[in-house]
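Structure first, commentary second.
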Ligand code: UD1
């Protein structure tokens, strides 16, 4: 296993590039199952989650060839229909093979994913989506087995926490080859869902309304292979922006789409950070402790839950008290307990964290609990005085490509140590 040893405090300065969006790449790779023709995906970030998706596709008999950041996928010949527990338990997004396998072959068996560090993450909406398309859905020995020739249908995919990114994407992938028209109401509007729509359209699918709560799909008989470049990762870009703010640094973040980042740029500015946006880039400059701001996560275009932990780390050194409300997931505050070990003063009460800003954090040994929590601890380590040691960095490697190298390139002092 690897850990990070970070020496702080440091001030970040320079130019750093964000990669393509993990959360767009994963469903796009799964969507390649919808055709027997070869597909080429470019700019793919080298992440553990991408490797896991490639492993899953290979386990189904799909040909996957990767050369640096380009992946070629060909789902021809005999394709298996089962995503095993072994792979699904490692990565929930393995669930994305359900829609395409069912849509193309009328048969998919996917292990139930089980628990997760950020709270219960049910799959009821995924199943509601495919059931509305006429699939027979059964639970067999821990596996969801879905069968049947799909036909278009209408459904409302919203749950109590709002729309679901995964259920929207899965239902879209199932519906593109169904007979007739499908209307998904309450669809997730995240840019990654729209990007999947862009890829499916490039494959010959007929989809309208992606990026809005009502997606309309007219089924086609067959899809063709396509070449695609996914959108930039707004979560990585947002993490880098907060890295500039927390170190009172000055970073130019390139390869990002500022239009997707409005919900994080606005609270950064309210916190006294200067953010200037340009074409596919932004510069972030901070000169003092952040002014307290309250944030509440919500589905896109609201403040992304995947940036909540990082922003909480920033507010931990704020000049006053901020309130952070997590509306998307039930228990996504494990990072706060670790931040408190570094001297932060964060009180958790249900879905709310009251963050009483302190002048500075102190390096400590901490443990990463999930992907974005790990990123928050790295940011805290950059700003903290002394040495911070972060264990279980494998969480971070799932979603950030060589984050330590990127940050070291702009002034951080992070060492990766195997133990
Ligand atoms: C995706 C992202 C994840 C992000 C999340 C919310 C990927 C690979 N992951 O996860 O990084 O944090 O969106 O932006 O893209 N829910 C149900 N029933 C379901 C499905 C979801 O109740 O069948 C609930 C979830 O528990 C959660 C909310 O809906 O409270 C949103 O979850 P969802 O949008 O589905 O998240 P994921 O697609 O798993």
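The single condition from (1) away from the ligand (no atom under 13 Å from the Cβ); (2) buried (at least 19 other Cβ atoms within 10 Å of the Cβ) that residue 91 fails is (1). Of all residues being within 13 Å of the ligand (Cβ to nearest atom) and over 16 Å from residue 223 (Cα atoms) in the stretch 172-189, which is farthest from the chain's Cα centre (by Cα)? Just the residue, please. Ranking the qualifying residues of the stretch 172-189, first place goes to 186. Here residue 322 clears all of (1) within 16 Å of the ligand (Cβ to nearest atom); (2) under 21 Å from residue 346 (Cα atoms) except the condition numbered (1).
Scanning the stretch 282-304 for residues that are surrounded by 19 or more Cβ atoms within 10 Å (Cβ to Cβ) and either within 23 Å of the chain's Cα centre (by Cα) or not assigned by TED's automatic domain parsing to the domain that holds residue 409 (or both) turns up 282, 284, 295, 297, 299, 300, 303, 304. For the stretch 353-367, the criterion of being within 16 Å of the ligand (Cβ to nearest atom) and modelled with pLDDT under 95 is satisfied by no residue at all.
Of all residues in the stretch 342-362, which are surrounded by 15 or more Cβ atoms within 10 Å (Cβ to Cβ) and not in a strand (DSSP E or B)? Correct list: 342, 343, 344, 351, 357, 358, 361. All conditions in (1) within 16 Å of the ligand (Cβ to nearest atom); (2) in contact with a strand residue (DSSP E or B) (Cβ under 7 Å, 6 or more places away or on another chain); (3) over 18 Å from residue 223 (Cβ atoms) hold for residue 57, with the sole exception of (3). Counting only residues that are without any contact (Cβ under 8 Å) to a residue 12 or more places away in the chain and crowded, with 24+ Cβ neighbours inside 10 Å, the stretch 228-264 holds 0 of them. Filtered by the rule that a residue be surrounded by 18 or more Cβ atoms within 10 Å (Cβ to Cβ) and over 16 Å from residue 36 (Cα atoms), the stretch 53-81 gives 53, 54, 56.
Against the criterion of being crowded, with 17+ Cβ neighbours inside 10 Å and farther than 30 Å from residue 147 by Cα, residue 34 does not qualify. Could you check, for the stretch 44-53, whether at least one of its residues is in the same structural domain as residue 197 (by TED's automatic domain parsing), farther than 30 Å from residue 413 by Cα and touching a strand residue (DSSP E or B) at 6+ places or on another chain (Cβ under 8 Å)? No, the conditions are met nowhere in the stretch 44-53. For residue 290, indicate whether it is farther than 17 Å from residue 361 by Cα and touching a residue at least 40 places away in the same chain (Cβ under 8 Å). Answer is no for this residue.
If you filter the stretch 379-397 down to residues that are touching a helix residue (DSSP H, G or I) at 6+ places or on another chain (Cβ under 6 Å) and under 19 Å from residue 235 (Cβ atoms), you find that the one that is surrounded by the most Cβ atoms within 10 Å (Cβ to Cβ) is 380. Check whether at least one residue in the stretch 205-226 is over 28 Å from residue 132 (Cβ atoms), modelled with pLDDT of 95 or more and under 24 Å from the mean Cα position of the chain (by Cα), and report yes or no. There is no residue in the stretch 205-226 that is over 28 Å from residue 132 (Cβ atoms), modelled with pLDDT of 95 or more and under 24 Å from the mean Cα position of the chain (by Cα). Just one of the listed residues (142, 152) is away from the ligand (no atom under 12 Å from the Cβ), surrounded by fewer than 19 Cβ atoms within 10 Å (Cβ to Cβ), farther than 30 Å from residue 237 by Cβ and in contact (Cβ under 8 Å) with a residue 60 or more places away in the chain, namely 152.
The values are calculated or read from the model by the stated rules, or taken from the named source; none is laboratory data. Small disclaimer: the values here were computed from a predicted structure and weren't measured. Every residue, glycine among them, receives a Cβ derived from its backbone with ideal geometry; neighbour counts consider all protein chains shown.
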